[in-house]
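Q: I have a structure here, written as structure tokens, and I will follow up with some questions on it.
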Amino acid sequence: MLDSLSTILNEHHGLLNLCFSSIEIIISNTESIIFIDKYHPTLEITVELLPELKTAELPSLAFKKADYANLNAFFLTTDWSELYAHVSLEEKISYFYETIQDGISLYVPVHINRSNNFPYWFSNELIQKIKLKKTAQISEENAKMSVRHVIKNM
């Protein structure tokens, strides 16, 4: 829920600067580096961010991996005449969307988006190559350090 958190009044005792947040913030007056507007005083906003927060792992539908042959067969064998048995438009739309959702839930797999350090458009193959490159770089750095250590101790 968003709350209006600013309580700093301007020179005319009005509240014109709005600051909304769903997390705890601290708002205070501060010295301005430019000319101060009478109606909009300079504000300092302090936000404490928690580094341990992680992005939510939200499920999404993996349409690339859907079984379209069976999904098509599902829709072809659906008795759509039941759609006309409903009287109101809302009931018809509800029935239609429920049927579509039934087909999707049966033949489109759910994928859980796990957070990682790579953009979502990176393929698994590319991610593996990047990880191999990083491992090779670390191995090379360790080998250089080992050679330096041997030379230093000579």
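Q: Every residue in region 60-84 that is surrounded by 10 or more Cβ atoms within 10 Å (Cβ to Cβ) and aliphatic (A, V, I, L, M), please.
A: Leu61, Ala62, Ala66, Leu71, Ala73, Leu83
Conditions tested, residue by residue: (1) under 31 Å from the mean Cα position of the chain (by Cα); (2) over 21 Å from Phe63 (Cα atoms); (3) modelled with pLDDT of 85 or more; (4) not aromatic (Phe, Trp, Tyr).
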position	(1), (2), (3), (4)
Ser81	no, yes, yes, yes
Ile100	yes, no, yes, yes
Tyr120	yes, no, no, no
Ser123	yes, no, no, yes
Asn142	no, yes, no, yes
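Q: Now for a separate question. Please report, ordered by residue number, the helices (runs of 4 or more DSSP H) entirely within region 77-154 with at least 1 residues that are touching a helix residue (DSSP H, G or I) at 6+ places or on another chain (Cβ under 7 Å).
A: Where helices (runs of 4 or more DSSP H) fall fully within region 77-154 and carry at least 1 residues being touching a helix residue (DSSP H, G or I) at 6+ places or on another chain (Cβ under 7 Å), they are 81-85, 89-107.
Q: How many residues are surrounded by 14 or more Cβ atoms within 10 Å (Cβ to Cβ) and modelled with pLDDT of 75 or more when one looks only at region 11-35?
A: The total comes to 3.
The values are calculated or read from the model by the stated rules, or taken from the named source; none is laboratory data. This is a predicted model, so every value here is computed, not measured. Please note: Cβ atoms are built from the backbone with ideal geometry, for glycine as well, and neighbour counts cover all protein chains shown.
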